[in-house]
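The values are calculated or read from the model by the stated rules, or taken from the named source; none is laboratory data. The model shown is predicted, which means the values in this text are computed figures rather than measured ones. A quick note on method: Cβ atoms are made from the backbone with ideal geometry, for glycine too, and the neighbour counts reach across all protein chains shown.
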Amino acid sequence: MKIDQPLFKEIIESSLDGVWVVDQNNQTAYVNSKMASMLGHSVETILQTEMSSFIRPEDLEDLQCKMKQREEGVSEQHEWRFVKKDGSYLWTLTSCIPLFNEQREYIGSAGMISDITEKKRSDAILKAQRNVFEILIRGGSLKEALHELLAPIEELINGVRASILILDQEGAKFAQGFALNLPSSFMDAILGEEIGPVAGSCGTAAYLKESIVVCDIATDPLWEKYRDVALAHELRACWSSPIINSVGKVLGTFAMYFNEVKEPASVDLAVVKDVIAAAALSIEHLQLVKQMELMLENEKKHFRDTALLAQARKSLATTIELEKVLEPIPKLIISHFADWCYISLTDDEGVLRVVTGASSPAIEEGLEVFKGYKADRQAPEGLPRAIREKKSFLYSHLSSEELRADNNRWPSVGTREEKYLKIIRELGFKSYMAIPLVVRGEAVGGMIVGSVQAGRHYNQRDLELMDEIARSCSMAIENALIYRESQRSIQNREDFISVASHELRTPLTSLQMRVDLLAKAMESKTIPDDVVKKLRPIVTEIRPDVKKFTKLIETLLDVSKLRNKKIQLDLEEVNLSQLIEEEVNRHKAEFEDHRSPIKSHLEKNVMVICDSIRIQQVVTNLLSNALKFGEQKPVEVILKTTADKAILQIKDNGIGISLEDKWRIFKPFERAVSDRHFGGLGLGLYISQQIIEEHNGSIHLESVLGQGSSFVVELPRRQQ
Ligand code: ADP
């Protein structure tokens, strides 16, 4: 087969690749019609133009280099980016061979180009998506991920500047913006703007949830509001598409800006879809991560807050004294989230005074000036206001302009004195809270909590935590006040008992003596019989009453002596076995009267050093109780010894004592039975315990409610 030139031409014309020939001056000598259609020009136009003018300007230097090599006979295969008539890129794989005449002189070159634009695009997008996923997996930032998507767009589309805007949580305003090559002043103008039906390309796209193509910003009504700022930055066309997440919520927009009037070609828009999908995924993922981090942070804060509250409550419970109860609180608050915490209480003259406080070491010295600070109670801001209104106040952001005495409003810290304001400004206070302490409906003082740390601004949640702590403080103050009041009334009661019993003792002793004398006189027959007859029933009735009364006064006197540690023991060597036996015998008749059998098992001649009168008093008390609460059941009195102790046990089978009452019945005036059923002052056990302890002994109780009680007295025994 003979292959002639027309046949060759026909083959080249029907080729699916572009073919071109240039002469030694780089003038286009031939292009096939495929080449012309690839560039979007006619064959004639291309023939009249230098081939290099279709190459992307940035690549011209490289082209010069390659042309030089061709003259030297080097053929090459290279990727060239051509610019089509509509301005878009034509990515090609170009094979080029140099042409020489018979004299081996360079006469030009011929080349073949295949269109690889589609492949280039999908490769670039695929690579960008892969990079974005890698960034997300390793915990990179949103900026990093989105820039990875914006970069290939600007590489693939000629003359484009791309941006991604992200909406706020409510989906109402643009909150964040990302762009590689848009001026920051333009981005700043867009951020914070609300979306709407006429809000530039992006605001409208986000609002309508559809792509918006504005080919000419200068004339399009959608750009009315932002036209000036866009044109000032030479932005002329903007095509924007909404970024929508998996549940149909608009997250933001992806936009392409051009600085010339421009209509999108179908290929330009094809890349947008993939970019938007990757952007949606990145934004959603990172928003989710952020949300989880926030939740975790909240959880941690909640945990820390609860721990602080528990710690505060615990330390408030360590004492009941008003002066000390609040002392640990400021330090705790400092360690948790503050630099300054002071508690003030109103004193008896109505002056609000600092009672306790703490500060972080960095500002401690600076705060010296506050020593002796008295708040102006009329101040319309700060702690005085919190106290007046019984409500806590949050001053989240303090500014040094506001903290000035010459400010026409009262500074929020509640003082107008420049000396204090100056130091607050100098120390750089950023935020503070004023919380009242309300006890029984009255604001008795308050707390202030402040921070100098950058970024630490208190919020509503912090205020709620402080309210909770203040409530615990108020409760502790109330308890301390109640304790103080009860201490005072106990003191008053004791003073009364002491005075009353002293005052009553003298007339009562003389009354007893007179009644005794009268009884004696009646027996000695010095009084006429008829008078004795009338007097006897009266005297018989008065005598036990006077005795009872005297006993009562003596008991009360004992209590006041014990309270004032004035009890004195008259110590001697005593045969305890004998003493107890006598006491049991003395009470026998009484037990018999009550039909309550009493038995004693006493070790003989147990010798102890003691005050016999006082020990008798104890035994009497215990026997009387066994009789009173013994329900007429048998009572046992046992005395035994160990090497160093004498142990007396008085055991009844009566009403018994519950576990809860056991600890308190040894305290003065404490009783575990109702006054209606049993008389008594609740002093016997208290006095007995004091007496036994004065002897370096001990008294304790073993009892089960309803099954009887056993009081055990242990006295130190003289070593033989
Ligand atoms: P009083 O007997 O005058 O009430 P005490 O100090 O002797 O005062 O006793 C205090 C309380 O202890 C009594 O009121 C009673 O409730 C309880 N108590 C004392 N001894 C006994 C006992 N043997 N059995 C049951 N309860 C007792």
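Which residues, taken from segment 546-568, are part of a loop (DSSP other than H, G, I, E, B) and touching a helix residue (DSSP H, G or I) at 6+ places or on another chain (Cβ under 6 Å)?
I567
Determine, yes or no, whether A626 is in a helix (DSSP H, G or I), within 25 Å of E554 (Cβ to Cβ) and of a type in the set (A, V, I, L, M).
yes
Hey, could you check segment 711-720 for residues that are in contact (Cβ under 8 Å) with a residue 40 or more places away in the chain and exposed (fewer than 15 other Cβ atoms within 10 Å of the Cβ) and say which is farthest from the ligand (Cβ to nearest atom)?
Per the stated criteria, the residue is Q719.
Among strands (runs of 3 or more DSSP E) lying entirely in segment 27-129, which contain 1 or more residues that are crowded, with 16+ Cβ neighbours inside 10 Å and touching a Cys at 6+ places or on another chain (Cβ under 8 Å)?
The strands (runs of 3 or more DSSP E) meeting that bar are 106-115.
Hey, can you tell me all the residues within segment 669-693 that are under 20 Å from P716 (Cβ atoms) and surrounded by fewer than 17 Cβ atoms within 10 Å (Cβ to Cβ)?
Scanning segment 669-693 gives a single hit, E693.
Considering only residues of segment 616-664 that are over 59 Å from the mean Cα position of the chain (by Cα) and small (G, A, S), which is farthest from the ligand (Cβ to nearest atom)?
Only one residue tops the list, namely A643.
Go through segment 287-372 and tell me which helices (runs of 4 or more DSSP H), entirely inside it, have 1 or more residues that are closer than 22 Å to A470 by Cα and either at pLDDT below 90 or in contact with a Cys (Cβ under 7 Å, 6 or more places away or on another chain) (or both).
The helices (runs of 4 or more DSSP H) meeting that bar are 322-325, 329-337.
Just the residues that are touching a residue at least 60 places away in the same chain (Cβ under 8 Å) and farther than 15 Å from R614 by Cα, please, taken from segment 537-555.
L552
Exactly one condition in (1) part of a loop (DSSP other than H, G, I, E, B); (2) near the ligand (Cβ under 10 Å from one of its atoms); (3) more than 23 Å from I497 (Cβ to Cβ) is not met by R676; state its number.
(2)
Under 8 Å between Cβ atoms, which residue pairs at least 6 apart in sequence (or on different chains) link something in segment 83-107 that is without any contact (Cβ under 8 Å) to a residue 60 or more places away in the chain with a partner that is of a type in the set (S, T, Y) and in a strand (DSSP E or B)?
These pairs meet every condition: L93/S114; C96/S109; I97/S109; P98/Y106; P98/S109; F100/Y106.
So which residues in segment 294-317 are surrounded by 11 or more Cβ atoms within 10 Å (Cβ to Cβ) and more than 30 Å from I477 (Cα to Cα)?
Hit for segment 294-317 is N298, nothing else.
Six or more apart or on different chains, Cβ under 7 Å: which pairs go from a residue in segment 686-710 that's farther than 23 Å from G630 by Cα and more than 8 Å from the ligand (Cβ to nearest atom) to one that's among the polar types (S, T, N, Q) and not in a strand (DSSP E or B)? Could you list them?
The qualifying pairs are I691/Q617.
Checking E478 against (1) in contact with a Lys or Arg (Cβ under 9 Å, 6 or more places away or on another chain); (2) over 23 Å from L345 (Cβ atoms), which test does it fail?
Unmet for E478, out of (1) in contact with a Lys or Arg (Cβ under 9 Å, 6 or more places away or on another chain); (2) over 23 Å from L345 (Cβ atoms): (2).
Six or more apart or on different chains, Cβ atoms under 6 Å: show the pairs whose first residue is in segment 621-641 and over 17 Å from G656 (Cβ atoms) and whose second is within 13 Å of the ligand (Cβ to nearest atom) and hydrophobic (A, V, I, L, M, F, W, C).
Partner pairs satisfying both residue conditions: V637/I650.
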